Amino acid sequence: MTERKPFVGGNWKMNTNRTTSADLTRQVVDALNTVHGVETAVFPPFPYLLAVRTILRDRGSAVKLGAQDCYHKPDGAFTGEVSLDMLKDCGVQMVLCGHSERRHVIGETDELINTKTRAVIDAGLTAVLCIGETLDQRESGHTDPVNQRQLRAGLAEISGDAMANVIIAYEPVWAIGTGKTATPEDAQGVHAKLRKLLAQMYNNEVADRTRIVYGGSVKASNAEELFRCPDIDGGLIGGAALKAPEFAGICKAAVKQPK
Ligand code: 13P
């Protein structure tokens, strides 16, 4: 079996300002300086990417730089959008695709998310494809079909080779920012089904090496029990990523759990 390196990303969402994004970056870099065996990334708001990148680079940090979204067209009349070339110019290495807030607040469709995911891969960056069911969908027994549909649709026309540049983030919408975390058993159950689906869509090798991380109210205090599960390869962190000690604690919890 392939060994999957754990991944923990800090999604800062629409938080921080010019001062606090720089302070948080410096604190995260210092806190993770001696932490090895986990791939880490921060996803600041667009206006702060360049400043965060400068701090990461000047300090020789292994923390990667991610963007929370992108637009798939290379350039042109797309007011307000940000292209992948622009993101690369700012040192971005990974991009979130289909985060639940983009699906449910902004209204992105599976098709648009797939287009963006393919564009990220084509640009040579890593796509973090986010999927997850809402509370209504869960309570009406549709957790598996929803996640399967989002996974299949998000990965449409993406080859097995290209999957080396994809991380899947399972983020149940009802667990995001609510303090309600999925139990390790529930999350593990979904992750195992997603991995099985990857094996059907591609093959066992792709399923085995693709990282599937969990997101939704992860904290330093519950990270270890989640990351201990065999199919949970790390986390995508929202609120707790805004506090460097908390984020570092989560990253450290992932180190102890190589898969
Ligand atoms: P919280 O950790 O705040 O629940 O957010 C999770 C998330 O949406 C990360 O992308």
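Return yes when GLU101 is touching a residue at least 60 places away in the same chain (Cβ under 8 Å) and of a type outside the set (A, V, I, L, M, F, W, C) and no when it is not. So GLU101 fits the description; yes. In this entry, LYS252 is excluded by the filter for residues that are without any contact (Cβ under 8 Å) to a residue 60 or more places away in the chain, basic (Lys, Arg) and more than 10 Å from the ligand (Cβ to nearest atom).
Taken over region 212-259, the residue count meeting the criterion of being open to solvent by less than 10 Å² (accessible area, probe 1.4 Å) and at pLDDT below 95 is 0. Looking across region 54-75 at every residue that is among the charged types (D, E, K, R) and either in a loop (DSSP other than H, G, I, E, B) or within 18 Å of the chain's Cα centre (by Cα) (or both), the one that is surrounded by the fewest Cβ atoms within 10 Å (Cβ to Cβ) is identified as ASP75.
Test ASP208 against the stated conditions and say whether it is of a type in the set (D, E, K, R), closer than 22 Å to GLN148 by Cα, within 16 Å of the chain's Cα centre (by Cα) and modelled with pLDDT of 95 or more.
Considered against the rule, which asks whether it is of a type in the set (D, E, K, R), closer than 22 Å to GLN148 by Cα, within 16 Å of the chain's Cα centre (by Cα) and modelled with pLDDT of 95 or more, ASP208 comes out as no.
Out of the residues in region 6-38 that are touching a Pro at 6+ places or on another chain (Cβ under 7 Å) and on the phi < 0 side of the Ramachandran plot, which is nearest to the ligand (Cβ to nearest atom)? My answer is TRP12.
Of all residues in region 2-29, those that are closer than 16 Å to LEU65 by Cα and free of Cβ contacts under 8 Å to residues at least 60 places away in the same chain have Cβ atoms under 7 Å from Cβ atoms of residues that are buried (at least 19 other Cβ atoms within 10 Å of the Cβ) and among the polar types (S, T, N, Q), 6 or more apart or on another chain, in VAL29/SER61. Considering region 89-139, the residues that are part of a loop (DSSP other than H, G, I, E, B) and hydroxyl-bearing (Ser, Thr, Tyr) include one that is modelled with the lowest pLDDT, namely THR134.
For region 76-103, the set of residues classified as open to solvent by 50 Å² or more (accessible area, probe 1.4 Å) and within 29 Å of GLN150 (Cβ to Cβ) consists of GLY76, PHE78, THR79, GLY80, GLU81, ASP85, MET86, LYS88, GLN93, GLU101, ARG102, listed by residue number. Scan region 156-190 for residues that are open to solvent by less than 50 Å² (accessible area, probe 1.4 Å), assigned to a loop (DSSP other than H, G, I, E, B) and closer than 16 Å to VAL213 by Cα and the total you get is 5.
The values are calculated or read from the model by the stated rules, or taken from the named source; none is laboratory data. Everything numeric here is computed off the predicted structure, so don't read it as measured data. Heads up, the Cβs are rebuilt from the backbone with ideal geometry, glycines too, and the neighbour counts pull from every protein chain shown. Areas reflect the complete protein model, heavy atoms only, side chains present, ligands, DNA and RNA absent. Shrake-Rupley method; radii C 1.70, N 1.55, O 1.52, S 1.80 Å.
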